[in-house]
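Input: one structure, supplied below.
What follows is calculated from the coordinates using simple rules that are stated; it is not laboratory data. Source: prediction; values computed, not measured. Glycine gets a Cβ as well: all are built from the backbone with ideal geometry, and neighbour counts include every protein chain shown.
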Amino acid sequence: MSRIAPSLGNTLAVIAILAIAVFFSLELLGKPSDPLPNPPELRAKNHILSLTLRASTTADGKDSFYFNRQPNAPTLRLAPGDQLKIIYINDLPSQLHEKCLIDPCMDMTNLRFHGLTVSPDAPQDDVLDMMAMPGQTLHYNVHVPKDHPPGLYWYHTHPHGESYQQALDGMFEGIESYFPALAGLPERVLVIRGHSIKNDEQSAELKQRVNVSSDVCGDESEPPEEVMTVNGSARPQIEIGPGERQFWRVVNASADRYVDLQLEGRTFEIVAMDGMPIARHDPDHKTRTADHVFLPPAGRLEAIVTGPPNGMSHRLISHCVDAGPAGDPNPAMLLADIVPRSTAHSAAKAQKRSRKPEFQTLDLAAEEKAPPRFTVTFTEGKNGFYINSEKSTPDAAPMLHVKVGTFQHWRILNATGELHPMHIHQVHFLAFAENDQLMADPAWLDTVNVPYGGTVDVVMDFTDPVIKSTSFFHCHLLNHEDKGMMAKVLFE
């Protein structure tokens, strides 16, 4: 099964997690000693998962996903072959209460199923023609292919020009078929988001709670505008027994902030990145070990962690990230305290594997060595953000046509003074080189960070016949996407 996690925030929830800042009241941010809260969860029954989501406004005037009358989007658990049906109602006010990055702001909304290899046509992952104005309703009917990789995906809103005001997450089960040691491990879903402190009367208290670092790791001198939360809480406690192994599924659901994760004194045994099991393309090396993991907005990590020795507490940290001289501040801060389990705990029941894993051992050396078939160039200026000197508009023609059934070497060139995470809808790619140097650990991703003034080379996998139609690639800093850093691609 897979799983889909949520967030709207100025936030909406969808089956992908677009990063939008989620705004909670201080009351919802919890106390430092509070245990980590879990998001609500829904499971498919008889291979169908049906629910109703609303885009509405909270008491403090922020946009949010509502589920069962509460401003909290659920995690959705699905299996390959399942059907997801969502009735999505736009209850946002017709009298606008917030300013969008692109005028006119119309409080339109839709859903995006981030990372899922499903059709970009209606009524599935269509962000081009499916759009609800206030008072309108959209009906989604998403068919998950039977051979879909298991892993963490997410849903979020994706209205061009208004994405920064909205977001969400989810996942697919069955990942233990690629790494049987996962069966029976306790599982945690950690949704990391930003909480705006610009106009928060408790901003000083919140910054002190998460120990926002005053150290500057880049050229950005502006004060931090957000603190990072985990499942809506500022610095909650995560309980784990000494030597206990837990399976963590982490998503950076921030609209425009980076996370450099480290668990003090521990390592991450990485099982999947961006919903793609490592073993799927490398069955001889099912996991990778790292002492910290860099997650751009929309990045996902699935990994095993081991509890510290008895009596010891550790911290989950996001290190300072140098986003470039033109980037936003990303100071170091504490995300959570890792504390010994207070009560006896029995491991979750082992999951039954529903199918055999499907491996894809690919020899892409020739494509990697070949000249790039397409170059994506990010630029920005006073009037907006651009891909290949073009600013996205709803009626723009596809920037390129690609033939389904092929692999393509792309180069992403960042000609700006700040980091940009490049994301493409519907497909994964192999990121294999950065700044003309081969990566030590090439990874299959759907979102890759591109260093400022640098390049990343990837091999796009366009072989799935499901993806035929018009789709998108864009910067996953949502304010950049809204201001034009997005382009269409036609899968033929």
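On a straight-distance basis, which aspartates and glutamates could pair with residue 369 in a cross-link, Cα separation under 13 angstrom, same-chain partners fewer than 8 positions away excluded?
Straight-line reach from residue 369, under 13 Å: 436, 457.
Need one word for the stretch 365-491: rounded, prolate or oblate. Basis is the Cα gyration tensor (sqrt eigenvalues a ≥ b ≥ c); a/c below 1.5 gives rounded, then a/b vs b/c decides.
Oblate.
If you take the square roots of the eigenvalues of the alpha-carbon gyration tensor of the stretch 244-319 and sort them as a ≥ b ≥ c, do you get rounded (a/c under 1.5), prolate (a/b over b/c) or oblate?
Judged from the Cα gyration tensor, the stretch 244-319 comes out oblate (a/c at least 1.5, b/c at or above a/b).
Shifting gears a bit: So which aspartates and glutamates can residue 391 reach, going by Cα to Cα under 14 Å and dropping same-chain residues fewer than 8 places off?
Within the straight-line cut-off, residue 391 pairs with 380, 481, 482.
Where does each of 430-440, 107-117 land if you order them by average Cβ count within 10 Å, highest first?
107-117, 430-440
How much length is gained on full extension from residue 289 to residue 52, taking 0.36 nm per residue of separation minus their Cα-Cα distance?
81.4 nm
While we're looking at this one, here's another question. Highest mean first, what order results for 182-193, 414-425, 284-295 on Cβ atoms within 10 Å?
Listed from highest to lowest mean packing, they are 414-425, 182-193, 284-295.
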